[in-house]
Structures are given as structure tokens and as C-alpha cells.
Amino acid sequence: MRIFDPHIHMTSRTTDDYTRMAAAGVRAVVEPAFWLGQPRTNPGSFTDYFDSLIGWEPYRAAQFGIVHHATIALNPKEANDPRCRPVLDLLPRYLDKDRVVAVGEIGYDSMTPEEDDAFERQLALAVEHDLPALVHTPHRDKARGTRRTLEVVAASGIAPERVAVDHLNEVTVGLVRDSGCWMGFSIYPETKMSPPRMVQILKQYGLDRMLVNSAADWGVSDPLLTLETGTAMLAAGFTDDDVDRVLWRNPVEFYGQSGRLDLTPAVTGEPTFAGSSIKRGGS
Ligand SMILES: [Zn+2]
């Protein structure tokens, strides 16, 4: 089984995770820029993080034979903080980088006017930079949040097939399917989607425009739940080709729309940093 995890926050994970992922067949990941838990207080804190997502983390992934790309954005939660919002003006320089394959995660957390504004501005940036968009849906009031999300996406003028709406469940999948957007599902150990529930959704809604991710981060999560979903698909009668489509070809097709997806296993040379080289390995 070859696996492309289209949404995982490797910054929060250890080398043990990379080892287990490589052994499980994970060969490619996309790491969306997100909320780090600790609130950021200035735009420089974001740019250091973005630099890490396009410099250090691809280098770290390559040590394990995993190809790493990123999506860049001001996340919905921090869009509410006036100290963070100026980072919106700094995004264009990152959206031009080779390893950036979408604008994201954008969308709603608490559905405030500030989030409206940041979401609309960043969808406009996706159109301007000819990039797909990765859209987070709120964990509370999910149906209303997803409906509102789809209205804003439609009004932005971005083509729906260039948008993935993520963290869906049984309640929201139908809305997103009808919109023409891609459907993202985060499989979690305790909350939200589980592998058996995901298999049921695939049976009911088919494999078109379906993306399955672990969304593993600093919370309780598991980077191998993509593998577990593939295994559950096979046990339920899906073929190897079906699994390959969901866990590999679909994410390749979605992020391939950026024109920047390069799945050649990376050469594990020096990481590419803007400006300086960094001494590694000692502490
Ligand atoms: Zn995420």
C-alpha cells in the first residue's frame, strides 16, 4: 500500500513517527500551516514557522524517504488576533515557493467577522497565485459552518475542484459533494471520524474527490490511521486499486493542480534555508 497523507502536522511529531510512517508505506505528506497551540504574538513568529515548513521539515522527512510539501496560510483561529493579522500581507512571498502546493488551512473556527475577512482574502490569494485551497471546517456547529464555508467559496470565484473542504463527517459530506469541492476526512483515534465510519462513507458516496488524512498534530492523533483506513477498506471488499486511488492517486490529483507537486524521493542533502546554513546534530 502506498500512502500520501494530504494533511498532517509533522512539526508536532517525532522521528519515531517518521520511522513508523515510512514502514507503513507513507511516501508523501502535505503539511498545512496551522495553530501551534501556544498563541503567536507577531508576524515574525509565523514567518519563522513557514520557513520551517518549506525548509527544515522537508529535509527531516527526506531522511525517512518521505516527500514533504506544505500549504501556507493564516489559520482561522489566529485570524481573530490583531497581532497576527499582518501576516496576511506577507503570504504572497510564500505562495510563490516551489514546495507550497495550496493556500491553507483557511476557513472558520468560531465564524467571526475577522475570520470572514481572512477567509475571503486568502481565497482571493489562491485565485491570484493559481493555487488550490485547503479549507478547515469548524469542530463546533459543523453543519452551519460547512454551509457558510461553501457559500464563501462559491462567492470567491475559485473553481470548486480546486478546493478541499476538510474535517467532514456523515452530516457534512453530502453538502460538500454537491458543491463540486473535494471532500477531506480526518481520521482520529478518539473523536471525529474512525476507519469503520470512513469505510461506510466511501461505500455510500464513492471514491471520487475523496481525501483521507490523519491530521496528526500535537493532540491525541495517530499518523497511521490512513493505513488503518486502507486496511479497513480491503476488509470491507474494496480492491487494492480502490485503496490506491483514495490513499495515493486522489491526493496526487488534488495537489497536482498546483503544478508544483514533485514526488521524486528527495536527496537528503543540506536543507535549503533562505539566507544562512544551520549547524545540525549537536546540542
Ligand atoms: Zn490541520
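Of note:
- Mean residue ellipticity at 222 nm, helices only, the chain: -11000 deg cm²/dmol; runs of at least 4 DSSP H residues each add -39,500 (n - 2.57), and the sum is divided by the number of residues.
- Shape of the range 3-278, Cα gyration tensor, a/c cut at 1.5: oblate
- With every protein chain in place, the chain: carbon and sulfur % of accessible area (1.4 Å): 50
- Considering only alpha-carbon pairs that sit under 8 angstrom and 6 or more positions apart, the relative contact order computed for the chain is 22 percent.
- Per residue, the solvent-accessible area of the chain (1.4 Å probe, heavy atoms of protein chains only, all protein chains present) comes to 42 Å².
- The gain in end-to-end length when the residue 249 to residue 128 segment is fully stretched comes to 40.9 nm, 0.36 nm per residue minus the alpha carbon separation.
The values are calculated or read from the model by the stated rules, or taken from the named source; none is laboratory data. Not measured: the values here are computed from a predicted model. Ligands, DNA and RNA are excluded from the accessible area calculation, which covers all protein heavy atoms including side chains. Shrake-Rupley method; radii C 1.70, N 1.55, O 1.52, S 1.80 Å.
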